[in-house]
Amino acid sequence: EPEVTQTPSHQVTQMGQEVILRCVPISNHLYFYWYRQILGQKVEFLVSFYNNEISEKSEIFDDQFSVERPDGSNFTLKIRSTKLEDSAMYFCASSVQDFGADTQYFGPGTRLTVL
Amino acid sequence: GEDVEQSLFLSVREGDSSVINCTYTDSSSTYLYWYKQEPGAGLQLLTYIFSNMDMKQDQRLTVLLNKKDKHLSLRIADTQTGDSAIYFCAEASGYSTLTFGKGTMLLVSP
């Protein structure tokens, strides 16, 4: 069964450094998402992406964040200058369509630790 | 904004039924979901229900929706130790974003 994959599984970085989290969505999916989960808190929506553009973003997704689909398979989340509070599990998801019951399939997550 | 609330912990014995409850605030929610997260793994969609349905059954899983009270529940029949995980309730109100609860940790003891 096709699945969303994410690399690395765990990333440790120093505060102020740039990190790039990578995701390979399911191949026939058109909509891509990033969510994050700070330890002990809710899974929070960051951004959705379609047709090489951001379609929706949350308040969390400020100028320090960017997303890109550099080729036909990868979908990346870049944090330009990491802060301690960026430490979280970051989940990538993808779906065929955008709306309702079209299932978002999630990857296993990347645990980002900012020291 | 939208909010989804769940109890944080549930402990049951193997073979019993588990009922995980969720409440939400967004009256325009159109789809409600249950996701399962096992240790070290991603979020796995278990089931979903459209807001005009009251109940949905899928093998051992039964979802009940009380739209008037904005209450959603997931019942797992004959709970097994392999069902031990965190269960997330989530809602979508017609856009691409999902709003999640904090998750309910289900612990199944032999």
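Each value in this text was obtained by applying a stated rule to the coordinates, not by laboratory testing. Please read all numbers here as calculations on a predicted model, not as lab measurements. Note: ideal-geometry Cβ built from the backbone for every residue, glycine included; neighbour counts use all protein chains shown.
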Could you compute the FRET efficiency for A:I54 and B:D78, with r as their C-beta to C-beta distance and R0 at 30 Å, rounded to 0.05? 0.10
Can you put B:K56, A:K42, A:K83 in order of Cβ neighbours within 10 angstrom, beginning with the fewest? A:K83, B:K56, A:K42
Determine the distance separating the Cα centre of the range B:5-28 from the Cα centre of the range B:59-110; give it in Å without decimals. 6
10 Å Cβ neighbours from other chains, averaged over peptide B:102-109: 1
Give me the number: length gained by fully extending A:L115 to A:I20, i.e. 0.36 nm times residue separation minus the C-alpha to C-alpha distance, one decimal in nm. 32.6 nm
Each residue of the range A:76-92 in order: what ³J(HN,Hα) in whole Hz does its phi give by Karplus 6.51 cos²θ - 1.76 cosθ + 1.60, θ = phi - 60°, with x for Gly and Pro? 10, 10, 10, 10, 6, 9, 5, 10, 4, 6, 7, 4, 5, 8, 10, 10, 9
Run the dipole for the range A:65-115 about the Cα centre, Lys and Arg Cβ at +1, Asp and Glu Cβ at -1, nothing else charged, and hand back the magnitude in debye, nearest 20. 240
Calc'd 3J(HN,Hα), the range B:86-92, phi into Karplus 6.51 cos²θ - 1.76 cosθ + 1.60 (θ = phi - 60°), Hz, glycine/Pro = x, comes to 9, 10, 10, 8, 8, 10, 10
What base-10 log of the normalised intensity I(q)/I(0) is obtained for chain B from the Debye formula, alpha carbons as equal point scatterers, at q = 0.10, 0.22 Å⁻¹? -0.26, -1.21
Under the 7 Å Cα-to-Cβ spin-label approximation, A:H10 and A:N28 lie apart by a distance in nanometres of 3.7
Could you pull the Rg and Dmax for the protein assembly as shown, using just the Cα atoms, both in Å? 17.5, 50
Taking every Cα atom in chain A, find the radius of gyration and the maximum pairwise distance Dmax, and write them in Å. 13.3, 39
Tell me the label-point distance for the pair A:S73, B:D16, using the 7 Å Cα-to-Cβ offset, in nm and rounded to one decimal. 4.7
Coil-residue GluC sites (Glu not before Pro) of the range A:9-90, DSSP, other Cβ within 10 Å capped at 13: A:E18, A:E59
Over 11 Å [Cα-Cα, the range B:35-82], rounded percent: 72
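To the nearest 20 debye, what is the magnitude of the charge dipole of the range B:24-110 about its Cα centre, counting +1 on the Cβ of each Lys and Arg and -1 on the Cβ of each Asp and Glu?
With only Lys, Arg, Asp and Glu charged at Cβ, the dipole is about 120 debye.
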